[in-house]
Amino acid sequence: AARHPKIKLLTYSEVKRVEGFIGNFKVLLEQKPRYVITDRCNGCGLCAPKCPIEVPNEFEEGISPRKAIYIQHSQSVPLIYTIDIDNCIKCYKCVDACGKLDAIDFSQQPQQTWLDVGSIVTATGFDSFDPTPIPEYGYGRYDNVITTLELERLNNSAGPTAGRITRPSDGKMPHSVAFVQCVGSRDERFNLYCSGFCCMYTIKNAVQWKQTYPDADITIFYMDIRTPAKGYEEFYRRAREMGIRFIQGRPSLIAEDSKTGNLLIQAEDIGLGQVIELEAELVVLSTAAVPRADTEKVGSLLNISRSPGGFFMEYHPKLRPVDSPTDGVFLAGAAQGPKDIPASVAQGSSAAARAARILSSPTW
């Protein structure tokens, strides 16, 4: 997309105002200052090692630090550094490191631009539920209770541990692990809806772990296994055949053994009809998909109503499933509700076709 002659990426920008109507929208866009000159930065990375400031890295789920001058990851598009001005102490060491490129400019200010557009596709995605408010799971209190996103970063070869899964408490590789499903979803205290894809990404992580470490003891606590798409049921069966244990029942309490750092999980095994206790060296929470924090703000700008769960609502779930109530504004992906990758791609293609219909019509 970045190299396509008919696509213009406006990154690190925010929509401030939307006016007009279908075929004739006017959008006020504010480009935030990077304090790095886009045309001069080549992404060489000489500046970051010289920066003395370290803050938690959001992309790595806070597992590792980043500098005050940074890029999110090595595949960022565009590959341009940004200065976190809230944490920068303006020591100018990055300026010295940049040398002849002279790409750093602390005088940059936000720039606003009006765009004329015919249609709008809203694809703002989702956030992951923060399990801290669930006291019985101990997230934030016990080091060895992590989320699936944190596990994904640990399991990634470009992640903070170079793909080696370690326990946060002691850096050792865990032999026994328990996954807990439906954390923050299908729960009257938080979100009533099912996030739809948590079962599959949990099984994916469990299968990958088992393939790498065949002797690992893996247990998945679940309410219901939902595998609606083609091939997913086969994937679930393969996980069981590999020796991954599935226990139907939501844990009621997770406690820590202060000596070993292991977690003691109490849950009802619905299949056995009794309460069980399981010890695991690591607990991974499969968290719900929730609306982005700025969903209300974006909905107000585009005049889009929201569902009881907080996601954007379509005009009609069957007749116009990708249209918003505002003519010319369309929905794609998890902005409308939790979706996996195939569903997001399908809806994105549909939204693009609906938007192109407007742009190619002589009426507008």
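Overview of results
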quantity: Residue count for the range 205-221, restricted to those that are out of contact with any helix residue (DSSP H, G or I) (no Cβ under 7 Å at 6 or more places or on another chain), more than 11 Å from residue 243 (Cβ to Cβ) and either of a type outside the set (Ser, Thr, Tyr) or assigned to a strand (DSSP E or B) (or both); calculated: 3
quantity: Enumeration of residues in the range 205-260 that are more than 18 Å from residue 176 (Cβ to Cβ), among the charged types (D, E, K, R) and either in contact with a strand residue (DSSP E or B) (Cβ under 7 Å, 6 or more places away or on another chain) or open to solvent by 70 Å² or more (accessible area, probe 1.4 Å) (or both); calculated: 226, 230, 233, 234, 237, 238, 241, 250
quantity: Members of the range 32-60 found to be modelled with pLDDT under 95 and either in a strand (DSSP E or B) or on the phi > 0 side of the Ramachandran plot (or both), listed by number; calculated: 43, 45
quantity: Top-ranked residue of the range 293-315 - restricted to ones that are open to solvent by 90 Å² or more (accessible area, probe 1.4 Å) and within 24 Å of residue 28 (Cβ to Cβ), ranked as nearest to the chain's Cα centre (by Cα); calculated: 293
quantity: Residue check for residue 91: within 29 Å of the chain's Cα centre (by Cα), of a type outside the set (Ser, Thr, Tyr) and in a loop (DSSP other than H, G, I, E, B); calculated: no
quantity: Residue selected from the range 327-363 under the condition assigned to a loop (DSSP other than H, G, I, E, B) and out of contact with any Phe, Trp or Tyr (no Cβ under 9 Å at 6 or more places or on another chain), by the criterion nearest to residue 298 (Cα to Cα); calculated: 332
quantity: Those residues of the range 344-364 which are open to solvent by less than 50 Å² (accessible area, probe 1.4 Å) and in contact with a helix residue (DSSP H, G or I) (Cβ under 8 Å, 6 or more places away or on another chain), in sequence order; calculated: 344, 347, 348
quantity: Residues satisfying the stated conditions in the range 94-104, i.e. part of a loop (DSSP other than H, G, I, E, B) and surrounded by 15 or more Cβ atoms within 10 Å (Cβ to Cβ); calculated: 103
quantity: Strands (runs of 3 or more DSSP E) wholly inside the range 235-310 that include at least 3 residues being among the hydroxyl-bearing types (Ser, Thr, Tyr); calculated: none
quantity: Whichever residue in the range 194-204 is open to solvent by 40 Å² or more (accessible area, probe 1.4 Å) and either touching a Phe, Trp or Tyr at 6+ places or on another chain (Cβ under 9 Å) or assigned to a helix (DSSP H, G or I) (or both) and, among such residues, is nearest to residue 292 (Cα to Cα); calculated: 201
quantity: Qualifying strands (runs of 3 or more DSSP E) (wholly inside the range 110-174; at least 2 residues being closer than 27 Å to residue 330 by Cβ, open to solvent by less than 50 Å² (accessible area, probe 1.4 Å) and modelled with pLDDT of 95 or more); calculated: 120-122
quantity: Set 283, 329, 290: member being over 23 Å from the mean Cα position of the chain (by Cα), of a type in the set (A, V, I, L, M) and buried (at least 18 other Cβ atoms within 10 Å of the Cβ); calculated: 329
quantity: The range 46-62, residues that are surrounded by fewer than 16 Cβ atoms within 10 Å (Cβ to Cβ), over 16 Å from residue 85 (Cβ atoms) and more than 25 Å from the chain's Cα centre (by Cα); calculated: 46, 49
quantity: First in the range 143-164 and touching a residue at least 12 places away in the same chain (Cβ under 8 Å) and under 9 Å from residue 63 (Cβ atoms), second anywhere and open to solvent by less than 20 Å² (accessible area, probe 1.4 Å) and of a type in the set (Gly, Ala, Ser), Cβ under 8 Å, 6 or more apart; calculated: 153/159
quantity: Members of the range 79-93 found to be touching a residue at least 12 places away in the same chain (Cβ under 8 Å) and loosely packed, with under 14 Cβ neighbours inside 10 Å, listed by number; calculated: 89, 90, 91
quantity: Residue match in the range 2-21 (condition: touching a Phe, Trp or Tyr at 6+ places or on another chain (Cβ under 8 Å), in contact (Cβ under 8 Å) with a residue 60 or more places away in the chain and in a loop (DSSP other than H, G, I, E, B)); calculated: no
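The values are calculated or read from the model by the stated rules, or taken from the named source; none is laboratory data. This is a predicted model, so every value here is computed, not measured. Because the Cβ atoms are built from the backbone with ideal geometry, glycine has one as well, and the counts that use them run over all protein chains shown. What goes into the accessible areas is simple: the full protein's heavy atoms, side chains included, and nothing from ligands, DNA or RNA. Shrake-Rupley method; radii C 1.70, N 1.55, O 1.52, S 1.80 Å.
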